[in-house]
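The following block contains the structure, expressed as structure tokens.
The values are calculated or read from the model by the stated rules, or taken from the named source; none is laboratory data. Just so it is clear, the structure is predicted and the values come from calculations on it, not from any experiment. Because the Cβ atoms are built from the backbone with ideal geometry, glycine has one as well, and the counts that use them run over all protein chains shown. Side chains included, ligands, DNA and RNA excluded: accessible areas come from the protein's heavy atoms. Shrake-Rupley method; radii C 1.70, N 1.55, O 1.52, S 1.80 Å.
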Amino acid sequence: MNHLAHVFLAPDSPEARVGSILGDFARGVDIAALPYAVRQGVRHHRAVDSFTDQHPDVLASKQVFSRQRRRFAGVALDILYDHFLLKHWSRFSELEQDQFIRLIYWELQEHEHLMPSPMARVTRRMVGYDWFGAYKDLERVGYALDRVADRIRFRNSFAGIITEIQTNQAELEQNFLSFFPDLQKFAGDIE
């Protein structure tokens, strides 16, 4: 899952939501030295990722991508799932979407002291460029995916993956709508 889904599913505290993003930046971080709620968010992140990686609907979605791009399907789905979460927000939350996003951005700014510097740099860009708001638009999802492709340090076929997403959008969206309630239930049961 990507950042929006992680904070959406995280335990209900600013520190746990920071931890739910920190899960992607934990390499080299002494997790044991972090406050309990941040550690809880990191554990939550890892459990959500593990559940997601094994879910039949996610595995089926990875198979719709061409052989040369399938290696990166998980990365593409992470960002695409934030798009689908935003698109179908009212199915999964009673909170007002824009209000939630503003809250998360505020929490990330207020709790930057809990972040390693690479995460702080990313969250500043996330807030400054309104990544979550951008994910409402599928074209901007394509732009984000191409930016990820640019950062891959080896020759790859990831750029342009949005064309495969557009071709298979109905199936990918249906798989998400089948998968996400299962994930939401699982995430709510994590202790």
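In the stretch 1-28, which residue that is open to solvent by 40 Å² or more (accessible area, probe 1.4 Å) and more than 22 Å from residue 80 (Cα to Cα) is modelled with the highest pLDDT?
15
Pairs please, first residue from the stretch 59-70 and more than 15 Å from residue 175 (Cβ to Cβ), second anywhere and modelled with pLDDT under 95 and open to solvent by 40 Å² or more (accessible area, probe 1.4 Å), Cβ atoms under 7 Å, 6+ apart in sequence or on different chains.
68/157; 69/157
Of all residues in the stretch 29-59, count the ones that are of a type outside the set (A, V, I, L, M) and surrounded by fewer than 17 Cβ atoms within 10 Å (Cβ to Cβ).
Of the residues in the stretch 29-59, 9 are of a type outside the set (A, V, I, L, M) and surrounded by fewer than 17 Cβ atoms within 10 Å (Cβ to Cβ).
Now for a different question. Inside the stretch 120-191, counting only helices (runs of 4 or more DSSP H) that do not spill past its ends, which hold 1 or more residues that are free of Cβ contacts under 8 Å to residues at least 60 places away in the same chain and in contact with a Lys or Arg (Cβ under 8 Å, 6 or more places away or on another chain)?
Output list reads 131-134.
Could you list all residues from the stretch 1-59 that are assigned to a helix (DSSP H, G or I) and touching a Lys or Arg at 6+ places or on another chain (Cβ under 7 Å)?
7, 19, 31, 41 - these are the residues of the stretch 1-59 that are assigned to a helix (DSSP H, G or I) and touching a Lys or Arg at 6+ places or on another chain (Cβ under 7 Å).
Could you tell me which residue of the stretch 146-166 is nearest to the chain's Cα centre (by Cα), considering only residues that are surrounded by 14 or more Cβ atoms within 10 Å (Cβ to Cβ) and under 12 Å from residue 79 (Cβ atoms)?
Applying the filter and picking the extreme gives 148.
Related question: Against the condition over 18 Å from residue 13 (Cα atoms) and either touching a Ser or Thr at 6+ places or on another chain (Cβ under 6 Å) or in contact (Cβ under 8 Å) with a residue 40 or more places away in the chain (or both), how does residue 114 come out, does it pass?
In short, no.
Among the residues of the stretch 123-144, are any surrounded by fewer than 18 Cβ atoms within 10 Å (Cβ to Cβ) and touching a Ser or Thr at 6+ places or on another chain (Cβ under 9 Å)?
No, the stretch 123-144 contains no residue that is surrounded by fewer than 18 Cβ atoms within 10 Å (Cβ to Cβ) and touching a Ser or Thr at 6+ places or on another chain (Cβ under 9 Å).
Follow-up. Take the stretch 119-166 and flag every residue that is at pLDDT 90 or above and hydroxyl-bearing (Ser, Thr, Tyr).
123, 129, 135, 143, 163
For the stretch 60-97, what are the residues that are assigned to a loop (DSSP other than H, G, I, E, B) and exposed (fewer than 15 other Cβ atoms within 10 Å of the Cβ)?
Selection gives 63, 66, 71, 88, 93, 94, 95, 96.
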